[in-house]
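The values are calculated or read from the model by the stated rules, or taken from the named source; none is laboratory data. All figures in this text were calculated on a predicted structure; none of them were measured in a lab. Methodologically, a virtual Cβ is constructed for each residue, glycine included, from the backbone with ideal geometry; neighbour enumeration extends over all protein chains shown.
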Amino acid sequence: MLTPNSFANGQWIAPAANARPILSPVTGEQIATAGGSDLDFAQMVEFATKKGGPSLREMTFHQRAKMLKALALYLQDRKEELYAINHLTGATRKDGGIDIDGGIITMMVIAGKGRREMPDGHVYVDGNLEQLSRQGTFLGQHIAVPLQGVAVHINAFNFPVWGMLEKLAPTLLAGVPAIVKPATQTCFLTEACFRMMIESGLLPDGAVQLIIGGTGDLLDRLGPQDVVSFTGSADTALMLRTNPNILRNSVRFMSEQDSLNASILGADVTPDTPEFDLFIKQAASEMTVKSGQKCTAIRRIIVPDTQIDAVAEALSERLKKTTIGDPAGDARMGSLVSASQKRDVLEKAAMIAQESQQVLGAEAFDVPDGPGFVSPMLFRCGDPDGARNVHEIEAFGPVSTILPYRDTAHAARLANRGEGSLVASLVTHDPSIARDVAVASAAWHGRLYIVDRDSMGEATGHGSPLPHMVHGGPGRAGGGEELGGVRGVLHYMQRTAIQGGPDVLTAITGQWVQGAKQTQGPVHPFQRTFREIQIGETIVTDPREVTLDDIEHFAHFTGDTFYAHMDEEAAQANPFFPGRVAHGYLLLSFAAGLFVQPDPGPVLANTGLNSLSFQKPVSPGDKVHVHLTAKRKTQRTDTYGEVAWNVTLYHHAGEQVAEYELLTMVAYER
Ligand code: NAP
């Protein structure tokens, strides 16, 4: 018998005498007992905000990213312990892969993004510098800093591991502690993974806590720096988000809820094309993986009216190959999570049947007797415009309905009838159909997944939220957003507009901005190690004259004999040039020649340049010189880091002629 514990204020707390029995959806026998314990929620919030938050915020983004990576690797090593109990949730090993490996990979990707896309500091710079004044003495920059409260994660039953890790990774990377409340039916699997995280010793005290069972008065204890991230049904979301304390304190409330996701077969697709098979395979897989208990599963299959018979037949044939049985064995589909979930699915399927004809049901399958087993149920609706239930009722199981459409605009309208979904997919080999659907439909769906014969080999699947891309949707889907790389981290941070002078912005962001103090070190900055280089450290080079011979030589040497460099008369006729001018790339090369240090030293490589702009033409006889300033440092490994330099080229008359950001890899130590 499993006895998942809560973890509050640094203590494990066992289920109480009045704990809830959890029954196996496969055998009906009791497998676990959960909850009922008397948790002190006020103390939990205090432990998170007084202990966990400060420890996390003391770390930089990179330190937290390294912690997450180490945690993901630790879980990876022990994941078989999770697979050993995964089947008790009714899920097959393949289903468990999406949950367990999917969760670990998500944490790994978010950690990688933290290392690559966030600074090794405490302030995240959001977007570009805004020029708020003519002379550049007063500027604006959006920044983001971690909220100083706690994130409460309330999760659905269907992804006990992924559901926890996909929220924890961005929260901890942001620097915010979390209290996790998994759905009770599958909480034993969440607890097993949570326990490993505590046993890893990688997280600071108070960074994570776990509630098994009810949340008591927790939401009444939250304040303006706290966040609730909810996943589950629309009814529960509505009840929780309207809690007066949540409303009074403007507690950030993110909601991921029901979704009537659609998949559209493009009007160009016929049964003899590869897209048709792709569409059928995808629909069958989305209906049966996790027994259809996926928030992203396809509930509505929208097809050209000319193809409805072919789709119904091919999909039925494919679905009939689904073997249903003990998820610990080799059946393709396991059971629903519980007997009550089965009742709910059958009730909802009956409502869909009121407006649709059932194409495939239990008669085609060998369905075991266990309390959670159901067969895939495929419906076909003749009047998709008049029907309501099919667009409104989410049967959270292997249930889907085929709907016919007349033209692409009609298909998009039907997809949008879900009133806001997590994902809609389109299978087409015609980019113009893709464009029409995107324009008509993107506003109604959090994600559009468009595939054809060329992309299907590498495509990641209609139902898979990716850590790199946003997950969430408008309206019915909850109006929330998660993941999406660094975007998902920002949900746990406050965006603040900073307005001030260049030195102020440099001090706050840790990045040099144009106009801020420039210092000249004792030696050329290219002779200094990553550790030694100071932000704002600058060299001003000697000037170099650009001659007509240089321009001629460069033109013939490179083959760039564009008339503006070669033909005085033609160049003068061009509105941008006074006559023959130097190549921009010649100026870049001269700039490098002016600031580079020839001898081996800490600079290991020039890895690129960003935001290059040529601002004024340079004519033969003009002189240019360069200001090179250390702008931003990002440690990449223990032995080297990236230094971004602001490079500005000036004309001898004082005007700026070009600017760019130069990237170099620099050794950490000598
Ligand atoms: P649910 O019944 O709404 O439960 C969701 C979570 O809320 C569970 O942890 C549940 O805990 C908790 N909860 C319920 N009442 C609560 C209360 N009064 N106070 C605090 N917490 C409370 O949903 P579910 O049946 O677990 O999940 C199925 C639904 O989730 C489906 O509709 C599905 O579409 C949706 N879903 C959406 C996404 C998404 O990303 N959009 C992902 C997965 C699932 P207990 O278990 O202890 O009641």
**Message:** Contact list please: Cβ distance under 6 Å, first residue in region 357-375 and on the phi > 0 side of the Ramachandran plot, second residue at pLDDT below 90 and not acidic (Asp, Glu), pairs at least six apart or on different chains.
**Reply:** none
**Request:** Check whether at least one residue in region 367-387 is assigned to a strand (DSSP E or B), aliphatic (A, V, I, L, M), in contact with a Gly (Cβ under 9 Å, 6 or more places away or on another chain) and closer than 30 Å to Tyr83 by Cβ, and report yes or no.
**Result:** yes
**Asked** Restricting region 214-256 to residues that are charged (D, E, K, R) and more than 8 Å from the ligand (Cβ to nearest atom), which is nearest to Ala16 (Cα to Cα)?
**Response** Asp217
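Listed here are the residues, each with its yes/no results for (1) within 16 Å of the ligand (Cβ to nearest atom); (2) assigned to a helix (DSSP H, G or I); (3) surrounded by fewer than 16 Cβ atoms within 10 Å (Cβ to Cβ); (4) modelled with pLDDT under 95.
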{"site": "Asp436", "(1), (2), (3), (4)": "no, yes, no, no"}
{"site": "Ser441", "(1), (2), (3), (4)": "no, yes, no, no"}
{"site": "Gly457", "(1), (2), (3), (4)": "no, no, yes, yes"}
{"site": "Ser464", "(1), (2), (3), (4)": "yes, no, no, yes"}
{"site": "Pro467", "(1), (2), (3), (4)": "yes, no, no, no"}
{"site": "Gly479", "(1), (2), (3), (4)": "yes, no, no, yes"}
{"site": "Val489", "(1), (2), (3), (4)": "no, yes, no, no"}
{"site": "Thr496", "(1), (2), (3), (4)": "no, no, yes, no"}
{"site": "Leu505", "(1), (2), (3), (4)": "no, yes, no, no"}
**Request:** Go through (1) within 14 Å of the ligand (Cβ to nearest atom); (2) touching a helix residue (DSSP H, G or I) at 6+ places or on another chain (Cβ under 7 Å); (3) outside any loop (DSSP other than H, G, I, E, B); (4) of a type in the set (D, E, K, R) one by one and return the number of the condition Arg447 breaks.
**Result:** (2)
**Item:** Ala262 being within 30 Å of Asp452 (Cα to Cα), more than 8 Å from the ligand (Cβ to nearest atom) and hydrophobic (A, V, I, L, M, F, W, C)
**Value:** yes
**Message:** Show me the helices (runs of 4 or more DSSP H) entirely contained within region 547-617 in which 2 or more residues are among the hydroxyl-bearing types (Ser, Thr, Tyr).
**Reply:** 584-595
**Item:** Check on Ile402, touching a helix residue (DSSP H, G or I) at 6+ places or on another chain (Cβ under 7 Å), in a helix (DSSP H, G or I) and at pLDDT 95 or above
**Value:** no
**Message:** Could you check region 254-284 and list, in sequence order, the residues that are touching a residue at least 40 places away in the same chain (Cβ under 8 Å), of a type in the set (Val, Ile, Thr) and touching a Leu at 6+ places or on another chain (Cβ under 7 Å)?
**Reply:** Ile264
**Asked** From the list Lys290, Lys281, which one is within 18 Å of Gly461 (Cβ to Cβ), of a type in the set (D, E, K, R) and either in a strand (DSSP E or B) or within 16 Å of the ligand (Cβ to nearest atom) (or both)?
**Response** Lys290
**Asked** Since Ala34 meets every condition but one in (1) surrounded by 13 or more Cβ atoms within 10 Å (Cβ to Cβ); (2) more than 14 Å from Cys187 (Cβ to Cβ), which condition does it not meet?
**Response** (2)
**Request:** For region 194-227, name all the residues that are assigned to a loop (DSSP other than H, G, I, E, B) and among the aliphatic types (A, V, I, L, M).
**Result:** Leu202, Leu203, Ala207, Ile211, Ile212, Leu222
**Message:** Take the conditions in contact (Cβ under 8 Å) with a residue 24 or more places away in the chain, more than 37 Å from the chain's Cα centre (by Cα), more than 30 Å from Asp120 (Cα to Cα) and in a loop (DSSP other than H, G, I, E, B) and apply them to Pro620. Does it pass?
**Reply:** yes
